[in-house]
Amino acid sequence: NLNSFIACFCIASTPSLGFIAQSPARAFRNSKVSSTSIGEVIVKQRIEPREWFESIRKQATVPEPFLELAKNGSMVLSDADLPNRKQEPYRYTNLQTFYQKKFKLMKDKNINEELASQYFSSKGNGQRLVFVNGKFNSDLSDLSSVPANVFAGSGLDENVGEENKKILFEILGNIDEVNISKNTCQGSLPFAALNQASLEDFAAIIVPNDTTVENEIQVLFISHYFGHETDKSGGISHPRLAVFAGENSKFTLVQHFAGFGEYFTNSLARFSLSNKANLTFFNVQEESPESYHINTIQTELKQNCTYSGVLLGSGGHNARTNFQIEFVDTDSNCELKAVALASDKQFMDFRTQLGLASPDNTCDQQHRNIVAERAECVFKGRIRVDGSAQKTDAKQLCKSLMLSDKARVTVMPTLEITADDVSCRHGATVSDLDEEALFYMGCRGIGERDAKTLFIKGFAVDLIEALSDEKVKGRLEDKLRRMTPTGPRSVPSEGAFSSI
């Protein structure tokens, strides 16, 4: 009996809650059963992580203004514990898919406008920055509507000004997770340091005090790399974003990733919000199906800030988002919504960390995973409440919908609380398509395929509707339709999913 072969259990405790959900068939495949076969033996050489990181770092041509920053990044990288499967942040990541691949730094900063324009925001006209393979493209960018007192452009722009340059370089100089335990960190340090050591250009946004920007600002990072048939390498770029929000400022920013071909995007973004700043932030990841993607987003909130974030992951072959917010002062509020759509053989990993070091702050985090076919999703959410953060109100909830008996989801919502006067809660659910709901819709004349699509869309409707761009919503709904199962359930009605 297959169900008796698999040991199923769920671990739950006060500080943390974590489980892996999978079908019995998937659990059997993942059991440690060795096998032998007669035929050609293929041996892949194991690449040392240090060698891999160094081979990429040496390819960068750092401009003179960034030499000191790049030198600091190289020093941090040389001292960092490089990722391996024994480290908690990378337990579920097949790092050899990275290390066995040779990546070449992409130099071309041009791309066909027709290809790029499909990702131009429907609301970002006049306030659009486009970076191709990590480098600013002035022909595709449109900054005609940017207010005169707001800076939006390349960090290499001669008009950035000395005062703005000082602000930006202070933001760029911070690399989080230095001297942090590798068992409690997100694992972002090595790739963030590699980004810093390879700094060739960056997107810069500075909104000064008492300024409201009416229309959203879009920062579009496009990558493209097409090797020859004999060329087994991929391309790599290191997009960088630095954002400063002055006191009592208010604006909306969209960071958008898209691309064509096989490549690796190693991105790093850092935000600094001053007192009473109000930021609405969208991170849209629509990389190519063959791509690798690591995006680290670090934000610092000062007093009485309002932060609303929406994270979407739908592209890439192997994609990871490291998201971190630090509440360094009082009375700030954060609402974070995220949705991961994984199909085929995609691997999608979301790591979030909300650190509260001051009292009277609130945060509400909602995460959704929709997983189809042989895809896999990982969510590790950590809310850290320090002893000084009294009167904290924090919520975290992750819901996952599995559309295949071969899909897999690993969920780890976590609370770490040392304060004694707080209101905190966290939880997670895993489910499949509800047969009763599908039967109900069928009785009202809705076809089986349409009913499943409606159910799937309704699962994440509040997060999807939060997106500002109708073009993105349209592509998202197209993917949901493609993910909709066409046949009957192949998962047994009893013991459909295991928590191990």
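Condition test on N125, is it surrounded by fewer than 19 Cβ atoms within 10 Å (Cβ to Cβ) and out of contact with any helix residue (DSSP H, G or I) (no Cβ under 9 Å at 6 or more places or on another chain)?
Yes, satisfied.
Return the pair list, or none, for Cβ contacts closer than 6 Å from residues in segment 135-148 that are more than 18 Å from M106 (Cβ to Cβ) to residues that are in a loop (DSSP other than H, G, I, E, B) and among the small types (G, A, S), at least 6 apart or on different chains.
Hits for this filter: D142/G126; S144/G126; S145/G126.
Of the residues Q298, Q303, Q285, which is open to solvent by less than 20 Å² (accessible area, probe 1.4 Å) and over 29 Å from E470 (Cβ atoms)? Show your work before the answer.
On the way: Q303 fails: open to solvent by less than 20 Å² (accessible area, probe 1.4 Å); Q285 fails: over 29 Å from E470 (Cβ atoms).
Every option except Q298 fails the conditions.
Residues in segment 116-155 that are touching a Phe, Trp or Tyr at 6+ places or on another chain (Cβ under 7 Å) and part of a loop (DSSP other than H, G, I, E, B): how many?
Selection size over segment 116-155: 2.
Name the residue that is surrounded by the most Cβ atoms within 10 Å (Cβ to Cβ), counting only residues in segment 469-488 that are without any contact (Cβ under 8 Å) to a residue 24 or more places away in the chain and either part of a loop (DSSP other than H, G, I, E, B) or not acidic (D, E) (or both). Talk me through it step by step, then tell me what you get.
The first filter runs over segment 469-488 and keeps only residues without any contact (Cβ under 8 Å) to a residue 24 or more places away in the chain, leaving 473-474, 477-478, 487-488.
Now narrow it down to the ones that are either part of a loop (DSSP other than H, G, I, E, B) or not acidic (D, E) (or both): 473-474, 487-488.
Details: K473: 15, G474: 11, G487: 6, P488: 7.
So, considering only residues that are without any contact (Cβ under 8 Å) to a residue 24 or more places away in the chain and either part of a loop (DSSP other than H, G, I, E, B) or not acidic (D, E) (or both), the one surrounded by the most Cβ atoms within 10 Å (Cβ to Cβ) is K473.
Report, by residue number, each residue of segment 317-362 that is in contact with a Ser or Thr (Cβ under 8 Å, 6 or more places away or on another chain), over 30 Å from T484 (Cβ atoms) and either among the hydroxyl-bearing types (S, T, Y) or open to solvent by less than 30 Å² (accessible area, probe 1.4 Å) (or both).
The answer is N322, Q324, I325, F327, T330, S332, C334, L356, S358, N361, T362.
Select, from I56, I47, the only residue that is open to solvent by less than 30 Å² (accessible area, probe 1.4 Å) and either assigned to a loop (DSSP other than H, G, I, E, B) or within 24 Å of F347 (Cβ to Cβ) (or both). Before you say what the answer is, go through the steps one by one.
Working: I47 fails: open to solvent by less than 30 Å² (accessible area, probe 1.4 Å).
Exactly one of I56, I47 is open to solvent by less than 30 Å² (accessible area, probe 1.4 Å) and either assigned to a loop (DSSP other than H, G, I, E, B) or within 24 Å of F347 (Cβ to Cβ) (or both), namely I56.
Residue under question is S198, and the condition is that it be among the small types (G, A, S) and over 21 Å from G315 (Cβ atoms); does it hold? Steps first, answer last, please.
Numbers: among the small types (G, A, S): yes; over 21 Å from G315 (Cβ atoms): yes.
Yes; evaluated as a whole, the condition is true for this residue.
Regarding S31, is this residue of a type in the set (G, A, S) and modelled with pLDDT under 90? Show your work before the answer.
Values: of a type in the set (G, A, S): yes; modelled with pLDDT under 90: yes.
When the stated conditions are applied, S31 passes them.
Select from segment 234-252 the residues that are open to solvent by less than 10 Å² (accessible area, probe 1.4 Å) and outside any strand (DSSP E or B) and write down the one among them that is nearest to N318 (Cα to Cα).
Applying the first criterion (open to solvent by less than 10 Å² (accessible area, probe 1.4 Å)) to segment 234-252 yields 234-237, 239-243, 245-246, 249, 251.
Filter once more, keeping what is outside any strand (DSSP E or B): 239, 246, 249.
Numbers: P239: 17, G246: 36, S249: 36 Å.
Taking the candidates together, the pick is P239.
What number of residues within segment 202-233 satisfy the criterion of being over 21 Å from the mean Cα position of the chain (by Cα) and either surrounded by 19 or more Cβ atoms within 10 Å (Cβ to Cβ) or not small (G, A, S) (or both)? Steps first, answer last, please.
Of segment 202-233, the ones over 21 Å from the mean Cα position of the chain (by Cα) are 206-215, 225-233.
Filter once more, so that each one left must be either surrounded by 19 or more Cβ atoms within 10 Å (Cβ to Cβ) or not small (G, A, S) (or both): 206-215, 225-226, 228-232.
Matching residues across segment 202-233 total 17.
Can you spot a residue in segment 139-155 that is among the hydrophobic types (A, V, I, L, M, F, W, C), touching a Ser or Thr at 6+ places or on another chain (Cβ under 8 Å), open to solvent by 10 Å² or more (accessible area, probe 1.4 Å) and farther than 26 Å from G316 by Cα?
yes
Counting only residues that are at pLDDT below 90 and over 30 Å from K391 (Cβ atoms), which one in segment 459-468 is surrounded by the fewest Cβ atoms within 10 Å (Cβ to Cβ)? Spell out how you get there, then give the answer.
Taking segment 459-468 as the starting set, the residues that turn out to be at pLDDT below 90 are 460-468.
Subsequent filtering for residues that are over 30 Å from K391 (Cβ atoms) retains 460-461, 464-465, 467-468.
Details: A460: 25, V461: 12, I464: 21, E465: 8, L467: 18, S468: 18.
Ranking the qualifying residues of segment 459-468, first place goes to E465.
Within segment 64-79, can one find any residue that is in a loop (DSSP other than H, G, I, E, B) and modelled with pLDDT of 90 or more?
Going residue by residue through segment 64-79, those that are in a loop (DSSP other than H, G, I, E, B) are none.
No, that holds for no residue.
The values are calculated or read from the model by the stated rules, or taken from the named source; none is laboratory data. These figures come from a predicted structure and were not determined experimentally. We place every Cβ from the backbone using ideal geometry, glycine too, and count neighbours over all the protein chains shown. The accessibility values were calculated without ligands, DNA or RNA, using every heavy atom of the protein model including side chains. Shrake-Rupley method; radii C 1.70, N 1.55, O 1.52, S 1.80 Å.
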